[in-house]
1. Under 8 Å for C-alpha pairs, at least 6 residues apart: give me the relative contact order for the chain, rounded to a whole percent.
2. In whole Hz and in residue order, list the ³J(HN,Hα) couplings for region 206-219 that follow from phi through the Karplus curve 6.51 cos²θ - 1.76 cosθ + 1.60, θ = phi - 60°; x for Gly and Pro.
3. So what J values fall out for region 35-43 if you push phi through Karplus, 6.51 cos²θ - 1.76 cosθ + 1.60 with θ = phi - 60°, rounded to Hz, Gly and Pro as x?
4. Wrap a convex hull around the Cα atoms of region 59-202, take a quarter of its surface area, and give that in square nanometres.
5. Among [x] 94, 38, 34; [y] 48, 39, 31; [z] 59, 41, 37, which is the computed Cα extents along the principal axes in Å?
6. May I ask you to order 177-185, 123-131 by the average number of other C-beta atoms within 10 Å around their residues, highest value first?
7. Within 10 Å, count the other beta carbons around each residue, average over each peptide in 80-88, 167-175, 220-228, and list them highest first.
8. Using the Cβ atoms and a cut-off under 9 Å, what net charge is assigned to the surroundings of Asn68, where Lys and Arg are +1 and Asp and Glu are -1?
Amino acid sequence: MFSYCKLVILILALTLGGQGHEAVPHSRPYMVLLERYMKDGKTAYCGGFLLNEDFVMTAAHCKTESYNILLGLHDVRNSEEIQRVSVKEAFPHKDYDENGFKNDIMLLKLKTKAQFNKNVRPIALADRDDGSLPKSCTVSGWGRSNRHSKYMTPVLMEANVTLIYNEKYVKDKLYCSEGETGPAEGDAGGALVCEDGKAYGVMSFNYKPTSGGPVLHCYTKIPDNGNWIDWIMDPYTCISNVREL
């Protein structure tokens, strides 16, 4: 269910390939949907995930003029209980390279605080990379689950992925999985979540080798960007703590 561009690098959506399935409603309360309002007046979508009451993480290539963040969402046809929050400020990685999708990670500062409940909860971030690959990882999103469809799935879907070692992408601070099952158009910015329940990566791009072979799905490594994340978020955390004194 891929539609390849000339450079065979793709903005993501979730390609479940028959091996994915609908997530248990609200079993991933950290997942959010980004409504992106484009310059041409159209609305596009990315995934994202909640880090705390003030910040959402997504992919840097999802940056646009303005956004709404939908929290607590499972089925877009039943949105009565969701929280809709606008974005005050976007922080794409300072070294993001749109040509090669390097450092494809972004933080969004919410205009109003997320209200935690049973359907809205943050996820913890993996804080170190010891060189070994995480196991038993999953991806989730509302992206297209059929390459012939023009529409995103109405419900949150999820799929299991197995990370592989790829020397080139290790140097580029990326995790990779391969095969027909994995992210595709509409799911960029979603979380790669592994066995300890923490977010290890941000869904970034798919790559189809020109020489043939399976599709690679690539995720920006969160542990390798810990210092940058702290640099952006810490000042707001300190301000919040001062106000609570």
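1. 26
2. Per residue, the Karplus-derived 3J(HN,Hα) values read 10, 9, 9, x, 5, 8, x, x, x, 5, 9, 10, 10, 10 Hz.
3. 8, 10, 9, 8, 4, 7, x, 7, 10
4. Computing the convex hull of the Cα atoms and averaging its projections yields 9.9 nm².
5. Checked against the structure: label [z].
6. The most tightly packed comes first, giving 177-185, 123-131.
7. With the highest mean Cβ count within 10 Å placed first, the list reads 220-228, 167-175, 80-88.
8. Details: positive: Arg36, Arg84; negative: Glu35.
Net of charged neighbours comes to +1.
The values are calculated or read from the model by the stated rules, or taken from the named source; none is laboratory data. This structure is a prediction, so every number in the text was calculated from the model and none was measured. Using ideal geometry, Cβ is built from the backbone for each residue, glycine included, and neighbour counts are taken over all protein chains shown. Ligands, DNA and RNA are excluded from the accessible area calculation, which covers all protein heavy atoms including side chains. Shrake-Rupley method; radii C 1.70, N 1.55, O 1.52, S 1.80 Å.
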